[in-house]
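Engineer: Right, I'll just put the structure down here and ask away after.
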Amino acid sequence: MRNPYRSQKIAYAFLLLSTLLIVVPVGMIVVIIIQKGLPAMNWQFLSDIPRQGMRAGGIFPAIVGTLYLVTGAISFALPIGLLAAIYLSEYSRDNLLTRIIKLAIVNLAGVPSVVYGLFGLALFVIFFGFGASILSGSLTLGIMILPVIITTSREALESVPASFREVSLSLGASKWQTIRHIVLPNALPGILTGTILGLGRAAGETAPILFTVAAFYLPQLPDSIMDQVMALPYHLYVISTQVPNVDEKIRYGTALVLLAMVLFMNLIAIIIRHKFRKRKKW
Amino acid sequence: MTKIITNGLNLFYGKFHALKNVNSGFGENRITAIIGPSGCGKSTLLRVFNRMNDLIDGVRTEGEVVIGEKNILAPATDLVALRKKVGMVFQRPNPFPLSIYENIVFGERIHGDKVKDDKLDEIAEKSLRDVLLWDELKDRLNEPALRLSLEQKQRLCIARVIAVKPDVLLMDEPCSTLDPNATQRVEELMRELKNKYTIIIVTHNMQQAARVSDDTGFMLLGELIEFGNTETVFTAPSDKRTEDYITGRYG
Ligand SMILES: Nc1ncnc2c1ncn2[C@@H]1O[C@H](COP(=O)(O)OP(=O)(O)OP(=O)(O)O)[C@@H](O)[C@H]1O
Ligand SMILES: [Mg+2]
């Protein structure tokens, strides 16, 4: 006779094991990077330009470059993504066209980032003649994170109860007033979460900026959006593979800064979502 | 005075014939109850009067619904103006996740141009007084409305509608989520409100219809079988089916 209690225990053990299998590598990555990168952390590392062929000095230009790129990407992707999400969730009817659009967005999210890089090179750098510049890089990153922003925003908008819309309309509000005053404020936390996740992704990707903006070595800050910049992920790639004899702690220090930046953004997203969950009561 | 008149009103959800040749007249300063078994078209009829059925794809109406001398089914009808005049209270109390105050002044913020704060305060106080909530809530106006009790929420929803200054109040089973005591108090409120409004209430509760309404309409399978003075409908209905329903022979 089989003992159901025992098989439950075995199943439980396997579930726990698989969960741990996910957690352990993540934890190990974080721990190792902190361990090896922390010794490099000091004010000079964060605020100085790279020196001695990137074997000493700091990574300030790369930090600034990444911040510029992320800001540029979001100021392009958020308005467009949000408007598209509003259209898809509030205005469009369910027909073949909108279904194709939604399918396209889902697939766009799965396109490898190096493909976005090539696309940005062809369209922005060459065709529009923006050259390798912050503008080209930001637009490329923006297009890459558009699907995330559209999808999360659409989900946030659609999770606002239909009854709120009905009441608002029944009080004589127009459709746009209803969206503006009722739907958007209630969807805002979800939209912000998606935006921040998009930011994190934009900050961490190397391939899309490789051909469109990233400078190998540029120890000064950019003057305009038509300039190239250094960026953290690409800098990390360069000092890890292209420049011989870079001190390990500089490489891990750079990785730590990048990781901290991305995790910090994810943390904000988690906090916003948590706050909202507590408040939400419908 | 008759406020709302329906002439040969038919409504179709796609192919489904949900309202069949409804002819009726709803009196000003009267409460008209609409009763009938589930699925007979009560809510559908109510939602014709503020054109909320427009939100549903594939709805088609025929005939005439005259409110204040205008056929509101006409395509050129100004829906914003109509919905300001014909307010609706829903079955589930559904305040917005905003403060009590912001719930009440929502309509004014939407409709008023350049609203001044003291005007908003005035509207909030007046509307809350009208639903007998002012004394209870006057010190809590900035609290979230979702924290109120069910009865308070439903009163607040009524206040929110009243703040828009409608002529007609449509109420779709407004007490069905309330306990008997709260129901009684909301019914009292309705009796007070009828001096200023034309009230139409959908209810499953026959005692409630008998208690609060002046007129009653009985619907069955999309038809308005009986319509008239509440006392007559309940004591001497002209149609056998009305009698069967009232005496409890239908679900
Ligand atoms: N959106 C819709 N699409 C198709 N049919 C619908 C729709 N809404 C309602 N109906 C149908 O129309 C009929 C009347 O519905 P309605 O909601 O008006 O009934 P009701 O009398 O209010 O019922 P209840 O007492 O359960 O609230 C029902 O048979 C229902 O199935
Ligand atoms: Mg109903």
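Engineer: At least 3 residues that are open to solvent by 10 Å² or more (accessible area, probe 1.4 Å), more than 16 Å from ligand 2 (Cβ to nearest atom) and away from every other protein chain (no Cβ under 14 Å) in each: list the strands (runs of 3 or more DSSP E) lying fully within the stretch B:171-243 that qualify.
Structural biologist: On the way: elements: B:198-202, B:215-220, B:223-229.
Answer list for the stretch B:171-243: B:223-229.
Engineer: Taking B:S43 and the conditions (1) open to solvent by 60 Å² or more (accessible area, probe 1.4 Å); (2) away from chain A (no Cβ under 11 Å); (3) not in a strand (DSSP E or B), which numbered condition does it fall short on, given that it satisfies the others?
Structural biologist: All conditions pass for B:S43, except number (1).
Engineer: Continuing with the same structure: So, in the stretch B:48-89, exactly how many residues are part of a strand (DSSP E or B) and of a type outside the set (V, I, T)?
Structural biologist: 8
Engineer: Shifting gears a bit: From the set of residues in the stretch B:56-93 that are within 16 Å of ligand 1 (Cβ to nearest atom) and surrounded by 14 or more Cβ atoms within 10 Å (Cβ to Cβ), which is nearest to B:K153 (Cα to Cα)?
Structural biologist: Across the stretch B:56-93, the extreme among qualifying residues is B:R92.
This table checks each residue for (1) closer than 18 Å to B:L170 by Cβ; (2) out of contact with any strand residue (DSSP E or B) (no Cβ under 7 Å at 6 or more places or on another chain).
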{"residue": "B:K196", "(1), (2)": "yes, yes"}
{"residue": "B:H204", "(1), (2)": "yes, yes"}
{"residue": "B:A210", "(1), (2)": "no, yes"}
{"residue": "B:G222", "(1), (2)": "no, no"}
{"residue": "B:I225", "(1), (2)": "no, no"}
{"residue": "B:E231", "(1), (2)": "no, yes"}
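Engineer: Here's something else I'd like to know. Looking only at the stretch B:48-57, which residues are of a type outside the set (D, E) and touching a residue at least 12 places away in the same chain (Cβ under 8 Å)? Show your work before the answer.
Structural biologist: In the first step, residues of the stretch B:48-57 are kept if they are of a type outside the set (D, E); the result is B:48-53, B:55-56.
B:V48, B:F49, B:N50, B:R51, B:M52, B:N53, B:I56 - these are the residues of the stretch B:48-57 that are of a type outside the set (D, E) and touching a residue at least 12 places away in the same chain (Cβ under 8 Å).
Engineer: Looking at the stretch B:6-20, can you tell me whether even one residue there is away from ligand 1 (no atom under 15 Å from the Cβ), more than 14 Å from chain A (Cβ to nearest Cβ) and open to solvent by less than 20 Å² (accessible area, probe 1.4 Å)?
Structural biologist: Initially, the stretch B:6-20 is screened for residues away from ligand 1 (no atom under 15 Å from the Cβ), giving B:7-8.
After this cut, where a residue has to be more than 14 Å from chain A (Cβ to nearest Cβ) as well, the list is B:7-8.
Still in the list and also open to solvent by less than 20 Å² (accessible area, probe 1.4 Å): none.
No, that holds for no residue.
Engineer: For the structure I just gave you, tell me whether B:T177 is among the β-branched types (V, I, T) and under 14 Å from B:I31 (Cα atoms). Outline the logic, then answer.
Structural biologist: Working: among the β-branched types (V, I, T): yes; under 14 Å from B:I31 (Cα atoms): no.
It is false that B:T177 is among the β-branched types (V, I, T) and under 14 Å from B:I31 (Cα atoms).
Engineer: Out of curiosity, is B:A145 buried (at least 18 other Cβ atoms within 10 Å of the Cβ) and either among the charged types (D, E, K, R) or within 13 Å of another protein chain (Cβ to nearest Cβ) (or both)?
Structural biologist: Yes: the conditions hold for B:A145.
Engineer: Right, here's the next one. Which count do you get for residues in the stretch B:21-40 that are more than 16 Å from ligand 2 (Cβ to nearest atom), in a strand (DSSP E or B) and within 29 Å of B:R211 (Cβ to Cβ)? If you could, list the steps in order and put the result at the bottom.
Structural biologist: Initial filter on the stretch B:21-40 (more than 16 Å from ligand 2 (Cβ to nearest atom)): B:21, B:23-31.
Subsequent filtering for residues that are in a strand (DSSP E or B) retains B:21, B:23-27, B:31.
Next, only the ones that are within 29 Å of B:R211 (Cβ to Cβ) stay: B:23-27, B:31.
Of the residues in the stretch B:21-40, 6 are more than 16 Å from ligand 2 (Cβ to nearest atom), in a strand (DSSP E or B) and within 29 Å of B:R211 (Cβ to Cβ).
Engineer: Go through the stretch A:161-206 and give me each residue that's within 12 Å of chain B (Cβ to nearest Cβ) and charged (D, E, K, R).
Structural biologist: Result: A:R165, A:E166, A:K175, A:R180.
The values are calculated or read from the model by the stated rules, or taken from the named source; none is laboratory data. On a predicted model such as this, the values are computed, not experimentally measured, just so you know. As a convention, Cβ positions derive from the backbone with ideal geometry for all residues, glycine included, and neighbour counts pool all protein chains shown. Accessible surface areas use protein heavy atoms only, side chains included; no ligands, DNA or RNA. Shrake-Rupley method; radii C 1.70, N 1.55, O 1.52, S 1.80 Å.
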